[in-house]
Every structure is written in C-alpha cells, then in structure tokens.
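See structure below.
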Amino acid sequence: MRKEIVLVTGANGEVGHGLIPYLSEHGKVHIVAMDIHPLEESLKKYCYHFILGDILDTIMLGRLVFEYDIHTIYHLASILSTRAEYNPEAAHRVNVEGTLNLLRLAVEQSQWQKRPVKFLYPSSIAVYGLPSLETKAKAGRVSETEWLNPTTMYGCNKLYCEHLGRYHAVYYKQLVRNNDEPCCIDFRCVRYPGLISAVTLPAGGTSDYGPEMIHHAAQGTPYKCFVRKESRLPFMVMPDAIKALVKLAESPIDSLTRHIYNVTSFSLSAGDILGLVKDAFPKVEVDFEPDRPRQQIVDSWPADIDDTAACRDWNWKPDYDVSRSFSKYLIPGITQRYIAGAE
Ligand code: SER
C-alpha cells in the first residue's frame, strides 16, 4: 500500500512555517515537505518525509507519483514580487513552470487514484494593477474580477497560474476527454493580502515594509520604510492566513462557487502601522524614505479587497482584527522571538 500523504512545496517559506505545524497537529496527516533548501530544524518533527529538491526537476516529481498517494497538494513555493523583478525570467520559471509541473503531478495522481486531488494555491493582491492613486482611492474594496492588470512579473505569474489551475480543474484536455470522465483536479485558491508573521521575516516581497517595521521595532534597530506614510494595503496575520487555506481546503466542494477567493483581515497605511508599533515600542525609529519603483508597485495594489464570496461560501472570518493582531499575536510573538535570541 502506498502511503497517503499531503505534499507541501516551499516548506521553509513563511506560509510553510505556519501550515506544516498546523496540519500536523490538527489534520492527522502525513506530510511530505519539499524545499530547495534543507528543511529548517523546527519543522522536521512535523514531517513524515522531506525532499530536498527543485519544483523544476520533473524527474524528481515524476518519482513522487509512483511513491505516494498524494491526496492534497499545498503548492507554496514561489519567488515574491520584489525578488522577481531582479530576475523576471527565473521568476517565471519557478512561479509558472514550477506550478505547471505540480499541476501535472496532480493530474497524474488524480488519474492513478481515480479521484480528484486537491490543489491549494496561494495567490496574492499582486494580481491587481490599479492605474493611479486616484483610482486606488475610488476603487475601495476590490472584488476578484476587477482591475486585473498586474505590473509585476510575480503578479502576472500568479494571475496566470490562477487561470492554469481553473483550466486544469474544468477544461483540461477538453477535446480528448470523455464527457463522463470526472475532472482532474480540485483546484482551490486564496488571494492573500500582505502577510505578517511573528515567527518569520518575509523575503523578497513588496508588502514587506509592514512586517519589517514591526520586527525592527522589537529588535530596537532603526528602520527605513521604503514607501510613503500614506501608502495603504490590506494585511493579515499568519494564523489567519493558515486558517483561510485550511478552511478552504476542508470546505465541501458543492459550497464553492469559484476557484479563486479573496481573503483579508484589515487595511492599514504605513503610518497606521507605525502608530500601532509605537504603542508597544515607544522608542521605535522609523524614517519614511520612499523608493520610487517599489512605491509604484504598492500604489498599484488595492487598499482593500472584497472577500464577500469567501465569507458567503465557506464562512470565512478572520480571528484577528487589527487590535487583536497586534495585542495578542504580533507584539507578544515578536517580543518573545527576540528575547529568545533570534536574528
Ligand atoms: N507579499 C507579496 C509580495 O509583496 C504580495 O502578496 O510580493
């Protein structure tokens, strides 16, 4: 008998750090984790097996089809927006070709198991592209289908992969498939706002000024914020990001009316974040020194997103509003992290 497993790519990343312990503690599942770097020590105890490998390695992925019964894939591996702008072609390879490889793996697994494999995919507010600050101010809470003109390679990649997922779920090989054959994969996607974790620092994102400001304050080091004080984005803390992904994964398929769902928690300007941080760390030193290209990216992302569909279809509701996020999660968690001596 082949082992039934959940596959998690990008295991060492921010979301992986939250998801793997959660799945292991709540899900009673065997996790096979994959990452291009060795698995972080703290995650090892939660994983049944770890694969050191690249999602572009199709031979390695092919072997997995024969080794395991993969019933769910959380495909987290990705190159974020700032990093992707330094090497757009490499980002395209990882973000798009890598996702296509995982979708192919899911199709093969579904055919093997004769049931659709669940494919959970985190997308992002980077899929949006608002043409001006006036439009951003007027747009308000942006729905899943508006303003989809991304200005970053990462945003283009995420938007296209949302479509690839939908294609694989509904239209895959539509001309050669028998009508009575079930669809191949069960693709489900959440579009995240900027994520903030108390445990890990983000790497290579453009919404990172939020988490960076908080982590610097807790360490007592000055921070140069690369956007204007007024810049506003939607944010969410990591426990809610994990909750959204897992809740969507667990929802009965009949309740879902879309493949892609916005989820959000609160919307803050960079100045608002500083205010909240100051309450906890009054000596915090932050200078606002906008970096034009990164500022433009943030200006093109919505100030808030509309998650009505997720609330309606699968009872999405964040556990942490802004005040609880800071008082019960971020400030105690981050303080603890640096007391414990993390870098
Ligand atoms: N946090 C991501 C980034 O900044 C956006 O979702 O790239």
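Couple of notes before you dig in:
- Exposed trypsin sites (Lys or Arg not before Pro) absent: longest stretch of the chain, with sites in DSSP loops and at most 12 other Cβ within 10 Å deemed exposed: 174-282
- Of the residues His71, His215, His26, the one with the largest accessible area comes first in the ranking His26, His71, His215, computed with a 1.4 Å probe on protein heavy atoms.
- Accessible surface comparison of Ser78, Ser123, probe 1.4 Å, protein chains only, largest first: the order is Ser78, Ser123.
- Accessible solvent surface per residue of region 74-152, calculated while the other protein chains remain in place, 1.4 angstrom probe, Å²: 45 Å²
- The chain, accessible surface, carbon-and-sulfur percent (1.4 angstrom probe): 53 percent
- Using θ = phi - 60° in the Karplus curve 6.51 cos²θ - 1.76 cosθ + 1.60, the 3J(HN,Hα) couplings for region 44-50 round to 4, 5, 8, 9, 6, 7, 10 Hz; x is entered for Gly and Pro.
- Computed over region 122-275, Kirkwood Rh from alpha-carbon pairs, angstrom: 17.4 Å
- Dividing the summed -39500 (n - 2.57) terms of all DSSP H runs of n ≥ 4 by the residue count of the chain sets its mean residue ellipticity at 222 nm at -11500 deg cm²/dmol.
- What separates the Cα centres of region 241-261 and region 53-130 is a distance of 18 Å.
- Convex hull volume of the C-alpha atoms in region 47-163, normalised per residue: 125 Å³.
- Probe 1.4 Å - accessible area at Val107, Å² to nearest ten: 0 Å²
- Stokes-Einstein diffusion of the chain at 20 °C, 1.002 mPa s viscosity, Kirkwood radius from Cα pairs, rounded to a whole number: 104 µm²/s.
- Listed residues Cys311, Cys161, Cys47 arranged by accessible area, highest first, probe 1.4 Å: Cys311, Cys47, Cys161
- Note on Thr58: accessible area approximately 70 square angstrom, rounded to 10, probe 1.4 Å, nucleic acids and ligands left out.
- Cross-link pairs Lys118/Lys229; Lys136/Lys173; Lys158/Lys278; Lys158/Lys317 - those with Cα-Cα distance over 32 Å: Lys118/Lys229; Lys136/Lys173; Lys158/Lys278
- Cross-link reach list, aspartates and glutamates versus Lys45, counting only Cα pairs under 17 Å and skipping chain neighbours closer than eight places: Glu25, Asp35
- Equivalent-ellipsoid semi-axes of region 265-343, from the Cα gyration tensor, Å, largest first: 26, 22, 11
The values are calculated or read from the model by the stated rules, or taken from the named source; none is laboratory data. As the structure is a computational prediction, the values presented were derived from the model and not from experiment. Cβ atoms come from the backbone with ideal geometry, glycine included; neighbour counts cover every protein chain shown. These accessible areas exclude ligands, DNA and RNA; they are computed on the full protein's heavy atoms, side chains included. Shrake-Rupley method; radii C 1.70, N 1.55, O 1.52, S 1.80 Å.
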